Each structure stands twice: as structure tokens, then as C-alpha cells.
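The values are calculated or read from the model by the stated rules, or taken from the named source; none is laboratory data. Everything numeric here is computed off the predicted structure, so don't read it as measured data. Quick reminder, even Gly has a Cβ in these numbers, built from the backbone with ideal geometry, and neighbours come from all protein chains shown. Protein only, heavy atoms only, side chains kept; ligands, DNA and RNA dropped before computing areas. Shrake-Rupley method; radii C 1.70, N 1.55, O 1.52, S 1.80 Å.
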Amino acid sequence: MRQRFEMEQFIRDPFSTLRDARAAGPVVDLQLVSAGIMRYENVRQLMSDGRLHSNFAEFLRSVGVSSGPFYDWMASSPLNRDGAEHQRWRGLMSRTFTPRSVERLRPFLRTAAHELIDAFASRGACEFMAEFADPYPSLGLCELIGVPKEDRDHFRGWANTIGLGFSPLVAMHITAVDDALERLLAYTGGLAAARRVEPRDDLVTRIAQAGKEDGWTDFEVSGAIAGLVFAGHETTKNQLGWQVTLLSERPDVWDAVAHGDVSPADLVEEVLRHRSAVTGVGRRVSEPVTVDGERLEPGEQVFLSIWSADHDEAAYRRPDALEPGQSTENPHLAFGHGAHHCLGAALARAELQEALDALTHRLGCPTVGADAVWRPPLGINGPERLPITFTVRGEP
């Protein structure tokens, strides 16, 4: 009998609950999902196990959403598929999300970060999510894939609303999510059509052309572009919020980055390990799988807890402490592992690093206001509202 952990208990005290769940056994009952995998080695192994498949549509049905634009979009998304079809899609996307193309984007990211800081630095305060974390990642992604500058604010608004769909509470917001997605799909469909007529050297053109050559439907083409815009915005936005929140409690580390004693790259990796925006991923079992003697049956829904794995005492010396360099012992799982490893990981890292470098050099360590508001620790997680105050260090 798998030990059960109630959702109310997890929401109230997530990391104590995850610690107890790791000790309880290799597989535990998480109320919403009867098979929760908590330990680092098990999560990492199952992320690359071909007997477990992505099936977000099944998750949506389990929480009361079984039709409509968002459901249809996720059911047909390459992110929701495995095997040759998924690999073909990744092959197309990887030609744009290369380390070289991301490195070429760094000057743009650096300038964008400083321009956003310029707008609020003199006040000594800002609402960080609205004034930095929300606009910043969409700028980088839209620049990379070729979305016109004049349309980027629309994309950001739609992406924020669609983000509500990646939560067990999606049914509460599905009307707004469906509306935002329809608007985004209509726009990306028009953008793809325009690129077929006037091609450019960008990802939108490549998706539009490949879709025509390989027989993709217009819905699949527009959906693929929409998925990139959403995925590259929502997760990084929340990760930026976590980054500032965690470092507000560590002025020594904030200052060490500003003084060059700690590299932004090392610190970003540790923040990703310590509090990833993505709390975990779901999979469906297609063939029997044994996890440390516990059998997972075909058809079972499995939740692989990234938060728990990245705080496993068996994998890290001091899992509950923020210590740059810890994630080199065992690679964190914030970007996943295996066939579904995040395609945009290089871009997300570059955005987080450039933002951290700019913020620490321009501002003293921030103080988070008592009226900060947080999402429940489910799905994609982070602050909804993050008011901060700070001293000003200097100009860019």
C-alpha cells in the first residue's frame, strides 16, 4: 500500500511534505496522482524511460477539461508526443535554439535588461514581476524566433493567461485560457502565412516552410509557434521571480555576484536547483515498470517531482541551502532529462544570467515587500506579485 500525502498538506508545507514522501518509499500516493516519484535517481531515470509517455491531454481530462481550444492544442502538440514524430519536431526547433544563436543574442538581452532597470531604478522600488520579469523573457524569445517588435506586448498578455492552463486548477480559468489561445493561434497562423510569402531567416519561416513540406495542418503550424512563445515566456518569468526572492535573503551572495566573486552562471544553476519554476512533470505508463521493487502498471498516471528530486539528501550535500556549485555534484532536473529535455534551456540560462548580472550591478540587494503574492506550489510556480525596494548602485 502506497503511503498517501494529501494535497492540502503539500500546499501548506511543500518541502517538509516532499521530505516525508522521499522517506516513505519509491512511489507514493499524491491524492491527485496515485504514483508520485520523489527521489532524485528514480525521477532522473524515469524521465528518460521510453515506457513512460507524455500525455498532457489525459491530465486535462483528469481535472475536468476534455474539449475546447486549449485541450485540442495540447492534444496535438509535439510536446505531448513521443518517438519519431517528437524527434522530428525537436530536430527542426534545435536548428534555431543552438548555443551559437543564443550567444549572439546576449548583447540584445543585456541591453533589454538595463533598459527595463532604467525605467524604475530612480524610484528605489518596483513591482518586479510586472516591471521586469514579465516583459524581459518575451523580448528575448520574440527576437530569436522573429516576432515583430510591435506585436510582442500582445504575445506577453496571451502567454500570461495561457499559463493558467498548466495547473491542476485549470478548470477554474479555462474560459479565459481558451480565449487567449484562440487569439494567439489566429495571430501565429497569420504570421506563418506571411512568412511563406516573404521568407526570412527566422524560426517562424522554418516552421511555416517545414509544415508545408511535411504535410502539417495549419493548426499544427500555428500551434507549434504559439507553444514556443508560451513556453519561453511563462517558465522564465517565474524563474526570474524565484531568483530575486531567494537572493533577497542572501545579500552576501547578491554582492558576491556584483563584485565578480561568484559567476552568474553558477548561481543561476543553483537557483534552478533550489526552486525551479516547474514543480514536476506528468507521464503515463505504457508498459510495466519497476521502481526499486514497486511496480507501475500500464495506464497509470505518474508524477515526477522535480522539486523533490532536486532536494534529495541522497543527491546533494545540503539540499535545503542555497550554495553556488552544488548542482555540479548531480545535474539538477529543472529543465528535465532525456527526450523531453527543455529545448530552450540555453536561451533560458542566457536570459537568467544576463538579468542577474544587470540587476546585481545596478541595484543593491532587494527587500521583498510583505504584500508579495504567490501562486500555489503546483504546475508552473512563482510569484504573481513581487514588490521590492532597493538602493541604486550605478549606471550600466
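What the table below lists for this structure:
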quantity	calculated
Count of residues meeting criterion [out of contact with any Lys or Arg (no Cβ under 6 Å at 6 or more places or on another chain), of a type in the set (A, V, I, L, M) and open to solvent by less than 30 Å² (accessible area, probe 1.4 Å)] in region 130-144	2
Residue match in region 259-269 (condition: surrounded by fewer than 16 Cβ atoms within 10 Å (Cβ to Cβ), in contact with a helix residue (DSSP H, G or I) (Cβ under 6 Å, 6 or more places away or on another chain) and not acidic (Asp, Glu))	yes
Pair list, Cβ under 6 Å, 6 or more apart: region 220-238 residue in contact (Cβ under 8 Å) with a residue 12 or more places away in the chain, other residue aromatic (Phe, Trp, Tyr) and in a helix (DSSP H, G or I)	223/73; 229/155
Top-ranked residue of region 36-62 - restricted to ones that are under 19 Å from the mean Cα position of the chain (by Cα) and open to solvent by 60 Å² or more (accessible area, probe 1.4 Å), ranked as farthest from residue 1 (Cα to Cα)	48
Lone qualifier among 168, 137 - being outside any helix (DSSP H, G or I) and either more than 28 Å from residue 352 (Cα to Cα) or not β-branched (Val, Ile, Thr) (or both)	168
Among residues of region 189-238, those that are open to solvent by 60 Å² or more (accessible area, probe 1.4 Å), of a type in the set (A, V, I, L, M, F, W, C) and under 25 Å from the mean Cα position of the chain (by Cα), counted	1
Hey, residue 205 closer than 19 Å to residue 380 by Cβ and in contact with a helix residue (DSSP H, G or I) (Cβ under 7 Å, 6 or more places away or on another chain) or not	no
Residue match in region 360-367 (condition: buried (at least 19 other Cβ atoms within 10 Å of the Cβ), at pLDDT 90 or above and of a type in the set (A, V, I, L, M))	yes
Criterion (touching a strand residue (DSSP E or B) at 6+ places or on another chain (Cβ under 9 Å) and not basic (Lys, Arg)) met by exactly one of 175, 245, 205	245
Residues satisfying the stated conditions in region 368-388, i.e. surrounded by 15 or more Cβ atoms within 10 Å (Cβ to Cβ) and part of a strand (DSSP E or B)	368, 380, 383, 387, 388
